[in-house]
Amino acid sequence: MSDWDYEAPFTLEQVVGQEHIDGLMHTNNAVYVSWCARVAWAHSESLGLDLEHYHQLNRAMVITRSEFDYLKASRLGDRLVLATWIVAWDGRLTMERRFQIRRPADDQTVLRARILFACVDLANGKPRRMPAEFTERYGAVIVSAGQDKPA
């Protein structure tokens with residue numbers, strides 16, 4: 001599959017199961033939200049930033065805004081590929097992830113999403129500057145700003 005919105009996606013595979021299907025016989029919209037969260041966490045973990053590290057650093061990246069574009073339905077048994085990239089970053093407090101979910105069987109994008117994050121202090125929930133570990137690890141995988149693609 002080469003029709004990704006950005007280069008070098010971090011990906012996970014997902015098969016649509018019965019637990020994902022709603023009364024309209026397609027994947028429930030809320031399921032896509034959880035899949036985006038799952039691929040984002042897996043990407044963070046692959047960078048060495050798991051929940052244990054978040055707690056040790058007393059910092060976390062939390063969602064401040066999200067946008068989801070549901071483009072095609074997926075159905076029971078569909079094999080999907082979930083992808084994410086970090087596309088914007090101020091190096092201090094905020095970052096933006098983009099997501100794309102594709103169905104290889106017909107080479108279709110079924111969802112695009114954009115999620116904004118802010119760094120907070122875990123003890124009090126207030127915005128705090130990112131620790132060096134965040135800037136080193138997240139900052140190393142930012143997609144080129146010249147690749148402006150759809151949300």
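Structure above, values below:
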{"read-out": "Residue that is surrounded by the most Cβ atoms within 10 Å (Cβ to Cβ) [pool: residues in segment 61-86 that are over 23 Å from Pro104 (Cα atoms) and in contact with a Phe, Trp or Tyr (Cβ under 7 Å, 6 or more places away or on another chain)]", "value": "Met61"}
{"read-out": "Selection count, segment 29-48, where residues are more than 21 Å from Arg103 (Cβ to Cβ), of a type in the set (Phe, Trp, Tyr) and in contact (Cβ under 8 Å) with a residue 40 or more places away in the chain", "value": "0"}
{"read-out": "Contacts under 7 angstrom Cβ, first residue in segment 55-75 being under 15 Å from Arg98 (Cβ atoms), partner part of a loop (DSSP other than H, G, I, E, B) and modelled with pLDDT under 95, 6 or more apart", "value": "Glu67/Ala151; Asp69/Ala151"}
{"read-out": "Segment 34-56 - residue that is surrounded by 17 or more Cβ atoms within 10 Å (Cβ to Cβ) and within 9 Å of the chain's Cα centre (by Cα) and, of those, nearest to Met95 (Cα to Cα)", "value": "Ala40"}
{"read-out": "Where a residue in segment 1-28 is among the small types (Gly, Ala, Ser) and its partner, wherever it lies, is surrounded by 12 or more Cβ atoms within 10 Å (Cβ to Cβ), with Cβ under 8 Å and at least six apart", "value": "Ala8/Trp85; Ala8/Val143; Gly17/Leu76"}
{"read-out": "Which numbered condition Trp89 fails, given (1) buried (at least 18 other Cβ atoms within 10 Å of the Cβ); (2) modelled with pLDDT of 95 or more; (3) not aliphatic (A, V, I, L, M)", "value": "(2)"}
{"read-out": "Some residue of segment 80-93 being within 27 Å of Val31 (Cβ to Cβ) and either in a loop (DSSP other than H, G, I, E, B) or in contact with a Leu (Cβ under 7 Å, 6 or more places away or on another chain) (or both)", "value": "yes"}
{"read-out": "Which numbered condition His53 fails, given (1) outside any loop (DSSP other than H, G, I, E, B); (2) at pLDDT 95 or above; (3) not aliphatic (A, V, I, L, M)", "value": "(2)"}
{"read-out": "Checklist (1) among the hydrophobic types (A, V, I, L, M, F, W, C); (2) at pLDDT 95 or above; (3) farther than 20 Å from Glu13 by Cβ applied to Phe99, failing item", "value": "(3)"}
{"read-out": "Enumeration of residues in segment 1-33 that are buried (at least 18 other Cβ atoms within 10 Å of the Cβ) and of a type in the set (Asp, Glu)", "value": "Asp5"}
{"read-out": "When residues of segment 111-124 are limited to those that are in contact (Cβ under 8 Å) with a residue 60 or more places away in the chain and either in a strand (DSSP E or B) or on the phi > 0 side of the Ramachandran plot (or both), the one surrounded by the fewest Cβ atoms within 10 Å (Cβ to Cβ)", "value": "Asp121"}
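The values are calculated or read from the model by the stated rules, or taken from the named source; none is laboratory data. All figures in this text were calculated on a predicted structure; none of them were measured in a lab. Counting neighbours? That spans all protein chains shown, and the Cβs are built from the backbone with ideal geometry, glycine included.
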